[in-house]
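J.: Provided herewith is a single structure, encoded as structure tokens, for subsequent inquiry.
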Amino acid sequence: MAVLQSTYATGMADGFPGMIANGETSNRVSRTVEDASGIAFGKAVFRGTGDHGVTATPAAGALIGITIANAASPPVAATGVQADIYPQYTTAAILTRGVIWVTAGEAVTDGAQAYVTSGGDIVDTSTSNTILDGWVFDQTAASGALVRLAKR
């Protein structure tokens, strides 16, 4: 019989983008994805043009929250879009309060205010970026690393 896996990581990953980080009090809502390219898990979303719509395009004062990963999202072959994305016109689960894993768009520090770049990266640099009002980094992390983002 063929060996399917012969090496293993020394530890499990802490989480993945869009995963709820812990059992703290949280609030979750759902909205319809307006973006033609969809919206990835663990991304900031803003009020869209429709009554129930959201978009990943940053807009000051229009933040809804952070997209929650959906284990039941359709596979790539079924939708034609990449995995770990809410496709256009689907319903996205969104965390408006709580703690969630995201990917740091730059090196970030514990307790720093979070912002989103025009490209959708979550950072702690305010210059030319849109504030994620009330959301702060819950730990220090390097660029590209998983990091907990919290709104309490």
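The numbers here are math on the coordinates, done by the rules we state, and not lab data. Since the model is a prediction, treat every value here as computed from it, not as a measurement. Glycine gets a Cβ as well: all are built from the backbone with ideal geometry, and neighbour counts include every protein chain shown.
J.: Within 10 Å of each residue's Cβ, count the other Cβ atoms and sort T109, T55, T127 from fewest upward. It would help to have the intermediate numbers written out before the result.
T.: Values: T109 12, T55 19, T127 6.
So the residues, fewest neighbours to most, are T127, T109, T55.
J.: Express in nm, to one decimal, how much length is gained between A62 and I131 on full extension, taking 0.36 nm for each residue of separation and deducting their alpha carbon distance. If you can, show how the numbers build up before the last one.
T.: Working: separation 69, 0.36 × 69 = 24.84 nm, distance 1.01 nm.
Contour length minus Cα-Cα distance gives 23.8 nm.
J.: For the chain, with the dipole built from +1 on Lys and Arg beta-carbon atoms and -1 on Asp and Glu ones, taken about the Cα centre, which of T7, T25, G61 lies farthest toward the positive end?
T.: Highest projection toward the positive end goes to T25.
J.: For the chain, taking Cα atoms only, what is the radius of gyration to one decimal and the Dmax to the nearest whole Å?
T.: For the chain, the Cα radius of gyration and maximum Cα-Cα distance read 16.1, 59 Å.
J.: Right, next: Given contacts defined as C-alpha pairs under 8 Å and at least six residues apart, what's the relative contact order of the chain, whole-number percent? Kindly include the intermediate steps, with their values, before the conclusion.
T.: Numbers: 375 pairs, mean separation 37.3, N = 152.
Relative contact order, the chain: 25 percent.
J.: 222 nm [θ] for the chain, helices only, -39500 (n - 2.57) per DSSP H run of 4+, per residue, to 500? Please report the intermediate quantities before stating the final value.
T.: Working: 1 runs with 4 residues, N = 152.
Result for the chain: -500 deg cm²/dmol, rounded to the nearest 500.
J.: Taking the beta-carbon count within 10 Å as an exposure proxy, list E34, E106 from fewest neighbours to most.
T.: If I rank by nearby Cβ atoms, fewest first, I get E106, E34.
J.: Within a Cβ distance under 9 Å of E106, other residues only, what is the Lys/Arg minus Asp/Glu net charge? Display every interim value, and only then the final one.
T.: Details: positive: none; negative: D121, D124.
Around E106, the surrounding residues sum to -2.
J.: Just rank W101, W135, fewest to most, by other beta-carbon atoms within 10 angstrom.
T.: Ascending Cβ contact count within 10 Å gives the list W101, W135.
J.: Roughly how many debye, to the nearest 20, is the charge dipole of the range 50-139 about its Cα centre, given +1 on each Lys and Arg Cβ, -1 on each Asp and Glu Cβ, and no other charges?
T.: It works out to roughly 240 debye.
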